[in-house]
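Everything on this sheet refers to the single structure shown next.
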Amino acid sequence: MATLEVSPEISLADETVKIQVWGLPPGQAITLRAWLKDEKGELYHSRAFYLADKEGKLDLEKSPATGGDFIGVYPMGLFWALRPSVPNLRLMKRDVMGSPFLVHLELYTSLIISPLPEDAPAVSKVIERWYVAPGVQRILVREGRVRGTLFLPPGEGPFRGVVDMFGSAVGLLEFRSSLLASRGFASLALAYSGYDDLPKFLGTVDLKYFEEAAQLLSSHPKVADGGIGVVGICKGAEMALAMASYLPQVSATICINGTNGVNGNSLTYDDLLVNGMPYNPERLLVTDFASISFTNAMGDPRKPEHQDAVLPLEKARGPILFMAADQDQNYNSLFYAREAMARAEKYGKNDVYLQCYPGAGHLIEPGSPYCPASQTPFFPLPLAWGGDLLGHCIAQETSWKQIQEFLRRYVKCSRQNKL
């Protein structure tokens with residue numbers, strides 16, 4: 001009788017799960033299938049084929065998948081490869097506190113590409129994938145103009161403070177902040193458009209809003225003195241770089257697949273006005289899979305007329321880490337990161353770093369499956385994010401560790417809290 005062992009059965013979404021099978025005939029071809037339903041009831045699924053060893057066992061840390069959604073030894077491949085039954089959906093956890101994703105793991109003692117109703121699994125398990133650890137507090141922030149959610153780790157602190165931002169089209173996403181808090185950071189998931197009473201569309205950006213958020217986080221009694229970190233992806237990475245360039249509260253910055261200047265809109269800060277590089281919609285590319293690649297439509301910071309839009313990162317108080325995917329189809333993020341590195345070298349700023357991820361696409365996120373394209377509110381076709389399954393998901397796991405290491409190293413944490 002086949003046995004399917006999964007450990008741990010309850011875990012955080014950024015943790016590795018160990019999957020083993022025994023009790024099979026030697027050399028038996030089997031199918032392992034994973035599936036879950038998101039909070040809207042949409043189905044995501046994956047499958048991989050394996051051959052039992054001479055003892056009738058499988059260990060996904062050692063046993064290679066022979067086919068299915070991937071080939072090779074990838075212990076988390078079934079989680080990485082989860083894809084929507086309805087094309088171009090993006091799996092995102094919205095209610096991080098109230099429920100986990102329930103991932104169903106099923107073992108079939110034959111090769112099953114897509115199970116029929118009569119194809120019952122020989123054995124199955126249901127595991128919980130949480131985005132928040134026990135004891136983490138979620139505090140809705142609606143103070144002054146600032147809108148977001150503060151996540152605090154259990155305990156008195158003080159904790160390293162981090163402002164966390166996503167792109168301009170998704171409102172407020174909390175799953176990275178809740179995971180950061182689960183790893184010991186006081187994390188403010190900051191919205192800046194498309195949420196609550198904030199503008200639905202991102203027009204002129206007032207950096208004073210982000211300064212207010214930085215001050216709010218810095219002054220919290222459970223947040224350590226000495227500066228805060230900022231993490232952003234896409235448009236959020238642009239906002240993170242602007243914060244680093246102008247705000248003294250920022251001591252460490254991570255820009256994931258962003259640019260080196262203001263794009264599409266203008267930015268103001270007191271008497272400063274930065275006119276952004278205009279988008280070039282005539283350069284949008286429709287891919288072979290009927291999705292829109294935005295890469296060529298972004299502004300070119302090398303042009304003389306765009307020099308004033310380039311952010312003065314040399315003024316940043318602390319180090320900056322650019323994380324760039326070499327197959328990003330939304331931003332030409334590796335190009336922008338290299339431009340930023342060249343500016344840092346020109347001005348003698350020696351604490352700007354670049355980490356390139358081969359095979360990765362735009363949406364580098366902890367705990368998420370590979371998403372090559374997804375529908376957004378602003379385009380009639382899905383946006384292409386790029387990357388390939390294995391390269392992208394390896395980048396997600398690697399970068400998440402690097403993010404935490406960078407923040408722990410460069411965001412100082414005093415031993416005495418402000419209580």
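The values are calculated or read from the model by the stated rules, or taken from the named source; none is laboratory data. A quick note: this is a predicted structure, and the numbers were derived from the prediction, not measured. A quick note on method: Cβ atoms are made from the backbone with ideal geometry, for glycine too, and the neighbour counts reach across all protein chains shown. With ligands, DNA and RNA removed, areas are computed over all heavy atoms of the protein, side chains included. Shrake-Rupley method; radii C 1.70, N 1.55, O 1.52, S 1.80 Å.
Conditions (1) under 16 Å from the mean Cα position of the chain (by Cα); (2) open to solvent by less than 40 Å² (accessible area, probe 1.4 Å), marked per residue:
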site: ILE139; (1), (2): no, no
site: GLU143; (1), (2): no, no
site: LEU150; (1), (2): no, yes
site: ASP164; (1), (2): yes, yes
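Table: residues versus (1) more than 17 Å from PHE166 (Cβ to Cβ); (2) more than 23 Å from the chain's Cα centre (by Cα); (3) open to solvent by less than 30 Å² (accessible area, probe 1.4 Å); (4) at pLDDT 95 or above.
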site	(1), (2), (3), (4)
LEU216	yes, yes, no, yes
SER219	yes, yes, no, yes
CYS255	no, no, yes, yes
ASN265	no, yes, yes, no
TYR269	yes, yes, no, yes
GLN327	yes, no, no, yes
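Under the condition of being open to solvent by 40 Å² or more (accessible area, probe 1.4 Å), over 11 Å from GLU106 (Cα atoms) and among the hydrophobic types (A, V, I, L, M, F, W, C), the residues counted in segment 1-52 number 5.
Filtered by the rule that a residue be buried (at least 19 other Cβ atoms within 10 Å of the Cβ) and either part of a helix (DSSP H, G or I) or in contact with a helix residue (DSSP H, G or I) (Cβ under 6 Å, 6 or more places away or on another chain) (or both), segment 344-367 gives ALA344, VAL352, TYR357, ALA360, GLY361, ILE364, PRO366.
Could you grab me the full set of residues in segment 76-101 that are open to solvent by 30 Å² or more (accessible area, probe 1.4 Å), out of contact with any Ser or Thr (no Cβ under 6 Å at 6 or more places or on another chain) and either outside any loop (DSSP other than H, G, I, E, B) or farther than 30 Å from LEU150 by Cβ (or both)?
Across segment 76-101, the qualifying residues are ARG83, PRO84, SER85, VAL86, PRO87.
Among the residues of segment 195-208, are any open to solvent by 30 Å² or more (accessible area, probe 1.4 Å) and among the polar types (S, T, N, Q)? Looking through segment 195-208, at least one residue is open to solvent by 30 Å² or more (accessible area, probe 1.4 Å) and among the polar types (S, T, N, Q). Please find, among VAL170, VAL136, VAL126, the residue that is at pLDDT below 95 and hydrophobic (A, V, I, L, M, F, W, C). Exactly one residue qualifies, and that residue is VAL170.
Residue check: is LEU321 touching a Leu at 6+ places or on another chain (Cβ under 9 Å), modelled with pLDDT of 95 or more, open to solvent by 10 Å² or more (accessible area, probe 1.4 Å) and within 17 Å of MET239 (Cα to Cα)? Before you say what the answer is, go through the steps one by one.
Details: touching a Leu at 6+ places or on another chain (Cβ under 9 Å): yes; modelled with pLDDT of 95 or more: yes; open to solvent by 10 Å² or more (accessible area, probe 1.4 Å): yes; within 17 Å of MET239 (Cα to Cα): yes.
Judged against the criteria, LEU321 is a match.
Screening segment 102-124 for residues that are over 11 Å from LEU32 (Cα atoms) and under 27 Å from the mean Cα position of the chain (by Cα) and picking the one that is least open to solvent (accessible area, probe 1.4 Å) gives VAL103.
State all residues of segment 249-308 that are among the aromatic types (Phe, Trp, Tyr) and either in contact (Cβ under 8 Å) with a residue 24 or more places away in the chain or touching a Pro at 6+ places or on another chain (Cβ under 9 Å) (or both); if no residue qualifies, say none. Once the filter is applied, which keeps residues that are among the aromatic types (Phe, Trp, Tyr) and either in contact (Cβ under 8 Å) with a residue 24 or more places away in the chain or touching a Pro at 6+ places or on another chain (Cβ under 9 Å) (or both), segment 249-308 yields TYR269, PHE289, PHE294.
Looking at segment 102-132, which of its residues are touching a strand residue (DSSP E or B) at 6+ places or on another chain (Cβ under 6 Å) and not in a strand (DSSP E or B)? Matches in segment 102-132: THR109, LEU111, ILE112, PRO121, ALA122.
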